[in-house]
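What follows is a short report on a single structure.
Taken together, the values in this text are just the output of simple stated rules run on the coordinates, not laboratory data. Not measured: the values here are computed from a predicted model. Positions of Cβ are backbone-derived with ideal geometry, glycine not excepted, and every protein chain shown enters the neighbour counts.
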Amino acid sequence: MSNVFDVLKERGYVAQVTHEDELRQLLGEKPVTFYIGFDATAESLHLGHYVQVMVMMHMQQAGHLPIVLLGGGTTMVGDPSGKTDMRKMLTREQIQSNAKRFKTQFERFLDFGDGKATIADNAEWLLGLNYIEFLRSVGAHFNINRMLAAECYKSRLDQGLTFLEFNYMIMQAYDFLELYRRQGCQLQMGGDDQWSNILAGYELIRKVENGNAFAMTYQLLTTSEGKKMGKTESGALWLDPEKTSPYEFYQYLRNVDDRDVEKTLKILTFLPLDEIKSLCSVEGEALNNAKEVLALEVTKIVHGAEAAEQARQAAKAAFSGGVSEDMPTTELTVSAVEDGMDILTLLIDTGLASSRSEARRLVQQGGISIGDDKITSIDYQITLSQFEDGQMIVKKGKKVFRRVTLA
């Protein structure tokens, strides 16, 4: 049986790791308890989180023991990593609600049976801390000069870093120490932008407990141009079907850049590497098959086989000019259209444009079609006669579709 460390490395996850040979040996010898932290800053996990979920699934399938750490405490402070401004402050109630939603989503991916994965919330130990005692027992082990040199802080010094956020690294390090003491957790994992914070926890355990701890980060999900993957015109690509429909989720992955197909197949699916290599051994239009496999496989994992197949059929129908109920849909009233609706208003109402100026630009650049007809005038009027069986398809570019129906 292959060592999960080798699996993660071969598939392109691993970015940085402490004591690589020692950790690899440990992972091959016995079940290792590890954790990844998730601050509850939104109502749903997104595609970036899904990479972390995949890592946890690979680890669990190899017999290791995941801890999903929900940041009920750290979310109240906010991680400054990768942010140019201080994060929005959430109430305790908002954080608890978000964390509850996260928990439900994780139950779709990990086995939380006896002796398997567990869920913890750092609010349990962070919210009741005695400040002076914490400073003496934990704060004394942190060097200010070294903290300021960390990328998560250094990039914020010009814009301004609050003392509130400055505490984040110490709190995350303390999480690792608590989980080491409570559950024998030896490994913290996370995105590579978390390296400084994760390293701080690893060092704290070794200083305070003289413990055998490890840190590992994995590559962030970025495009070939270095941009974060998972950003759409309407925001993040969420794992909650109420926030991003399975169709939209499928379509995003179906339309990834040719240069990103092999990497995303390795990171976002469980397909064997030789199969991935075969799928990606072609170029041009022939690579579309690999993109369809990518979209179908990931949508299956996130939303289930039935929703994935419905999304695939809807995408196929849209591409051939057909209509499917599974396509993103906007419902208009008959009264809104019977006297004519201008194309700019329609684009805003369907979410295809965020403003009239953007809608105007899309039309003027030839990016909007209704059915097979390209719209060239910003004065174009939508009428009831254009709805066949109470519906029509509005297309932006070649890949973005909206089904518009009449109430």
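Taking GluC sites (Glu not before Pro) that fall in a DSSP loop and have at most 13 other Cβ atoms within 10 Å as cut points, what is the longest piece of the chain between them?
1-106
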For region 240-335 the chymotrypsin sites (Phe, Trp or Tyr not before Pro) that pass both the DSSP coil test and the at-most-10 other-Cβ-within-10 Å test are none
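How compact is region 338-407 by the rule of thumb for globular proteins, expressed as Cα Rg over 2.2 N^0.38 Å?
1.00
Relative contact order for region 4-218 using alpha-carbon pairs under 8 Å, separation at least 6, rounded to a whole percent?
Details: 317 pairs, mean separation 58.6, N = 215.
Computed over region 4-218, the figure is 27 percent.
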Region 231-319: spread of alpha-carbon positions along the three principal axes, whole Å, largest first, is 36, 25, 24
Final fewest-first order of Thr376, Thr345 on the 10 Å Cβ neighbour count is Thr376, Thr345
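What is the fewest-to-most order of Val14, Val68 by other Cβ atoms lying within 10 Å of their Cβ? Don't skip to the end; give the middle numbers.
On the way: Val14 20, Val68 24.
Lowest count first: Val14, Val68.
How large is the dipole of region 4-218 about the Cα centre if only Lys and Arg carry +1 and Asp and Glu carry -1, each at its Cβ, rounded to the nearest 20 debye? Let's see the in-between values first.
Details: 21 positive and 26 negative charges, 48 e Å.
That gives a dipole near 240 debye.
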Measuring from the longest principal axis of the C-alpha atoms of the chain, the long axis of helix 20-29 (C-alpha) lies at a number of degrees, nearest 10, equal to 90 degrees
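Under the rule of -39500 (n - 2.57) per DSSP H run of 4 or more residues, summed and divided by the residues of the chain, what mean residue ellipticity at 222 nm is obtained, to the nearest 500 deg cm²/dmol?
Values: 19 runs with 177 residues, N = 407.
Helices in the chain give a 222 nm mean residue ellipticity of -12500 deg cm²/dmol.
Longest segment of the chain with no trypsin sites (Lys or Arg not before Pro) in a DSSP loop having at most 11 other Cβ atoms within 10 Å?
Looking at the chain, 228-397 is the longest stretch - no exposed trypsin sites (Lys or Arg not before Pro) with at most 11 other Cβ atoms within 10 Å.
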Kirkwood Rh for region 4-218 from C-alpha pairs, in Å, is 17.6 Å
The Cα extents of region 48-140 along the principal axes, largest first and rounded to whole Å, are 41, 30, 25
Distance in nm between Ala149 and Glu358 label points, each 7 Å along Cα→Cβ, equals 4.3 nm
Among Tyr131, His58, Ala120, the residue whose Cα sits farthest towards the positive end of the charge dipole of region 34-134, when +1 is placed on the Cβ of each Lys and Arg and -1 on the Cβ of each Asp and Glu, is His58
In nm, the gap between the two label points placed 7 Å beyond Cα toward Cβ at Asp114 and Lys30 is 2.2 nm
Per residue, the convex hull enclosing the alpha carbons of the chain has a volume in Å³ of 167 Å³
Nearest-0.05 FRET efficiency for Asn130 and Thr329 at R0 = 56 Å, using Cβ-Cβ distance, is 0.55
Sequence order, region 301-315: Karplus ³J(HN,Hα) from phi using 6.51 cos²θ - 1.76 cosθ + 1.60, θ = phi - 60°, Hz rounded, Gly and Pro as x, gives 5, 7, 10, x, 5, 5, 5, 5, 5, 4, 5, 5, 5, 5, 5
Candidates Asp193, Asp257, Asp339; GNM for the chain (alpha-carbon contacts under 10 Å) flags as most fluctuating Asp339
Using the Kirkwood radius over Cα pairs of region 130-281, the Stokes-Einstein translational diffusion coefficient at 25 °C and 0.890 mPa s, in µm²/s and rounded to a whole number, is 132 µm²/s
Counting lysine pairs in region 231-319 that sit 8 or more positions apart or on different chains, with Cα atoms under 20 Å apart, gives 15
Given backbone amide H placed at 1.01 Å from N, residues whose amide H is under 5 Å from that of Thr330, ignoring those fewer than 5 places away on the same chain, are Arg403, Val404, Thr405
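Using R₀ = 56 Å, calculate the FRET efficiency as 1/(1 + (r/R₀)^6) where r is the Cβ-Cβ separation of Gln183 and Ala407; round to 0.05.
Working: r = 53 Å, r/R0 = 0.95.
That pair, Gln183 with Ala407, gives E of 0.60.
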Listed with the fewest Cβ neighbours within 10 Å leading, Thr118, Thr269, Thr299 appear as Thr118, Thr269, Thr299
